[in-house]
Amino acid sequence: MSTGPIDYGRLDAGRDCNYWRIDPTLRAAAAAAYADEEFAWAESLLDEFGHACGHGIAERSDRIDRHPPELHTYDADGEVVNEVEYHPDQYENERVVYDEFRLTHDPFHAPPGREEPASLTHTLAMQALLSYCDVGFCCPASMTTGAALVLETADHDCEEYFRGLTSDDIDDHIEGAMFLTEKQGGSDVGANEVRADPVDSENDREYELHGEKWFCSNVDAQGALVLARTPDAPDGTAGLSLFLVPREIDGELNDALVRRLKDKLGTLSVPTGEIEFHGATGYRVGDEGDGFKLMAEMMNYERLTNATGALGVMGRALLEAKVRAANREAFGERLGEHALMRRDLAELTVEYEGAATFAFEAAKQYNAWKRDEAETESTAFKLMRLLVPVAKYRTARDSVGVASYCMEVLGGNGYVREHTTPRLLRDTQVLPIWEGASNVISLDVLRVLARERAHEAFVPFVTELLAVDHPALADVVADVEASFEELQSALTTLAVEEIDYAQYHAKELTNLIYDVTTAALLVSRAADELESGDARLALVAEAFVTEHLRDDSARGITSGETFCADHFDALARYAPVDPSVFDEPAAQTND
């Protein structure tokens with residue numbers, strides 16, 4: 001692979017290329033989250049998948065967006081069929097992803113070349129690449145893995161469904177889903193009213209479900225997990241149980257009605273609908289009353305896939321913008337030669353670098369918790385429970401901004417549906433909503449700190465990241481340490497204040513946790529890169545800290561410095577940088 005700088009001008013658009021090879025940010029962030037021996041196995045597979053995404057899946061995804069799924073609730077005789085009609089390209093994308101590249105198989109069964117299953121880090125890296133093409137398709141793909149994770153953990157009689165969810169044979173493979181939301185509840189899952197009545201005393205796991213679910217993504221999934229309330233169950237989340245509700249049983253349609261598909265802004269490739277259960281058969285998973293706990297485990301994984309989905313959108317949007325800037329002439333120069341555009345593309349790349357670094361660190365901690373089956377008192381569990389919601393919250397918000405600005409770089413063309421950027425913006429706008437809206441996520445951060453004492457693992461974690469000793473990083477480390485002290489002071493304040501005060505500041509706290517942790521991670525990675533003779537990440541850390549943690553007197557219009565434009569090739573085009581660049585503080589170079 002090229003050591004940079006990347007020549008984006010050789011492309012006409014952000015396709016017909018290998019998304020893995022052209023994205024050093026994703027490669028480095030993912031590699032840091034894998035175990036060494038696993039990455040040695042995975043790297044060639046990621047390379048092959050990056051090629052498949054850029055040379056086939058991307059183009060098919062654009063066509064699917066123009067011809068989204070259609071619902072046929074009834075047949076010609078008025079009988080309920082609940083049939084969703086897909087464009088043929090959707091079936092080909094599924095074949096490539098589930099069969100050829102075994103996305104939902106490898107986390108549960110040893111793939112070729114390994115004696116044990118792949119880590120979930122690997123699945124998340126694959127989904128980041130897939131999200132370069134279609135975040136909508138990543139929804140059923142991630143829910144399929146998430147449903148299998150639940151079945152792998154809990155007691156049930158659904159072995160055939162687990163085999164289908166994790167099969168690498170497209171003829172046997174089924175997709176999963178999770179149906180939580182009800183019209184009266186929304187984010188307040190404890191208000192759910194769908195009920196589950198036992199069928200008979202001999203099979204205590206078979207129930208009949210009655211009621212409606214309001215938002216059901218992948219509405220025709222054969223392996224949907226549904227929350228419902230059993231007779232005499234208490235109010236709130238404690239009264240919810242979990243059921244696997246198939247679309248069909250022994251070739252016969254389950255007793256449910258898909259009323260309609262939602263007319264959504266984006267993610268059109270995944271059908272999202274409303275379902276009425278009229279005595280539909282469901283098989284209880286886990287014990288009665290364990291539904292919310294089991295679904296919360298799936299939710300942790302789904303929030304991570306939300307974050308890696310955001311990475312895919314940011315990576316693709318930046319690719320489209322950089323290709324345009326390298327090829328389009330304006331006012332006598334290429335767009336990418338204008339100082340303001342250079343600043344914009346460099347700053348957006350730094351944001352992407354931070355998002356990828358944080359998201360894959362969260363994935364690393366999640367995988368460590370799953371691998372070791374750690375208890376709730378473990379460091380891995382506490383870090384996972386804090387970093388996962390923070391990653392979901394911030395990457396989702398940042399992906400919307402990055403996609404919006406990158407669309408602007410393409411000018412009027414960027415607003416036209418023949419180009420990919422409008423779809424990226426429409427699709428990524430759902431990421432702040434999926435798996436808990438921003439307010440819900442930031443309040444979860446408060447709960448993690450208060451109930452699970454996540455700070456006990458978090459503070460030593462960041463402290464260790466900042467334990468670097470390199471003169472090129474001295475100033476940036478000092479600034480991160482100062483912000484880290486302010487963050488600890490904020491945590492102490494919120495611990496003793498009233499709950500309303502803490503909730504008022506919940507988003508600011510979540511953003512501060514992200515900014516400090518991301519800066520510390522970048523500093524730690526930069527120290528390693530400096531030892532190997534490359535100072536590029538040190539420049540990334542400097543730019544990130546300047547943007548997010550340093551005082552901004554007069555919005556920076558005071559010093560005469562043009563840092564991001566001066567280091568455009570390094571920041572935006574991934575050129576390696578000699579550490580001697582830090583010997584001259586005012587160095588002006590295009591690397």
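Observations, loosely collected:
- Of the numbered criteria (1) out of contact with any Asp or Glu (no Cβ under 7 Å at 6 or more places or on another chain); (2) more than 19 Å from THR281 (Cα to Cα); (3) assigned to a helix (DSSP H, G or I), the one PRO111 fails is (3).
- Hey, ASP89 under 20 Å from the mean Cα position of the chain (by Cα), within 30 Å of ARG417 (Cα to Cα), at pLDDT 95 or above and among the charged types (D, E, K, R) or not: no
- Filter pass, TYR98 being assigned to a helix (DSSP H, G or I), surrounded by fewer than 14 Cβ atoms within 10 Å (Cβ to Cβ) and not β-branched (Val, Ile, Thr): no
- Among the conditions (1) modelled with pLDDT under 95; (2) surrounded by 24 or more Cβ atoms within 10 Å (Cβ to Cβ); (3) among the aromatic types (Phe, Trp, Tyr), TYR415 misses just one, which is (2).
- Residue identified as out of contact with any strand residue (DSSP E or B) (no Cβ under 7 Å at 6 or more places or on another chain), surrounded by fewer than 19 Cβ atoms within 10 Å (Cβ to Cβ), touching a residue at least 40 places away in the same chain (Cβ under 8 Å) and among the hydroxyl-bearing types (Ser, Thr, Tyr) among THR562, THR510: THR562
- Pick from the range 225-271, criterion at pLDDT below 95 and on the phi > 0 side of the Ramachandran plot, ranking: surrounded by the most Cβ atoms within 10 Å (Cβ to Cβ): GLY236
- Qualifying positions in the range 188-236 - within 14 Å of TYR283 (Cα to Cα), among the charged types (D, E, K, R) and touching a residue at least 12 places away in the same chain (Cβ under 8 Å): ARG195, ASP197, ASP204, ARG205, GLU206, GLU208, ARG229
- So GLU274, is it closer than 30 Å to PRO422 by Cβ, among the acidic types (Asp, Glu) and surrounded by fewer than 19 Cβ atoms within 10 Å (Cβ to Cβ): yes
- Residue satisfying all of: in the range 252-284; in a loop (DSSP other than H, G, I, E, B) and of a type in the set (A, V, I, L, M, F, W, C); farthest from GLU208 (Cα to Cα) among these: LEU265
- Screening the range 374-477 for helices (runs of 4 or more DSSP H) wholly inside it with 2 or more residues that are in contact (Cβ under 8 Å) with a residue 40 or more places away in the chain and hydroxyl-bearing (Ser, Thr, Tyr) returns the ranges 379-409, 421-428, 438-451.
- Whenever a residue of the range 150-171 is within 20 Å of PRO111 (Cα to Cα), its partners that are part of a loop (DSSP other than H, G, I, E, B) and acidic (Asp, Glu), lying with C-beta atoms within less than 7 angstrom and at least six residues away or across chains, give the pairs GLY164/ASP172.
- Among residues of the range 172-206 being part of a strand (DSSP E or B) and of a type in the set (Asp, Glu), the one that is surrounded by the most Cβ atoms within 10 Å (Cβ to Cβ) is GLU206.
- LEU103 outside any loop (DSSP other than H, G, I, E, B), buried (at least 22 other Cβ atoms within 10 Å of the Cβ) and at pLDDT 95 or above: no
- So GLY289, is it assigned to a loop (DSSP other than H, G, I, E, B) and surrounded by fewer than 24 Cβ atoms within 10 Å (Cβ to Cβ): yes
- Being touching a residue at least 60 places away in the same chain (Cβ under 8 Å) and in contact with a Ser or Thr (Cβ under 9 Å, 6 or more places away or on another chain) is a property that does not hold for SER119.
- The set of residues in the range 124-162 being surrounded by fewer than 24 Cβ atoms within 10 Å (Cβ to Cβ) and farther than 27 Å from LYS262 by Cβ consists of GLU152, THR153, ALA154, ASP155, HIS156, ASP157, CYS158, GLU159, GLU160, PHE162.
Okay, residues lined up against (1) surrounded by fewer than 17 Cβ atoms within 10 Å (Cβ to Cβ); (2) within 20 Å of MET126 (Cβ to Cβ); (3) at pLDDT 90 or above; (4) in contact with a Ser or Thr (Cβ under 8 Å, 6 or more places away or on another chain):
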| position | (1), (2), (3), (4) |
| --- | --- |
| ALA359 | no, yes, yes, yes |
| LYS364 | no, yes, yes, yes |
| ARG385 | no, no, yes, no |
| VAL390 | no, no, yes, yes |
| TYR393 | no, no, yes, yes |
| VAL400 | no, no, yes, yes |
| ALA403 | no, no, yes, yes |
| MET407 | no, no, yes, yes |
| SER438 | no, no, yes, no |
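- Flag for VAL581 being under 25 Å from the mean Cα position of the chain (by Cα) and surrounded by 15 or more Cβ atoms within 10 Å (Cβ to Cβ): no
- Residue count for the range 29-76, restricted to those that are more than 21 Å from the chain's Cα centre (by Cα) and not in a helix (DSSP H, G or I): 10.
- Breaking point among (1) closer than 21 Å to LYS392 by Cβ; (2) at pLDDT below 95, for VAL496: (1)
- Meets criteria (buried (at least 24 other Cβ atoms within 10 Å of the Cβ), at pLDDT 95 or above and farther than 20 Å from LEU149 by Cβ) for LEU304: no
The values are calculated or read from the model by the stated rules, or taken from the named source; none is laboratory data. What you are looking at is a predicted structure, and each value in this text was computed from that prediction instead of being measured. Note: ideal-geometry Cβ built from the backbone for every residue, glycine included; neighbour counts use all protein chains shown.
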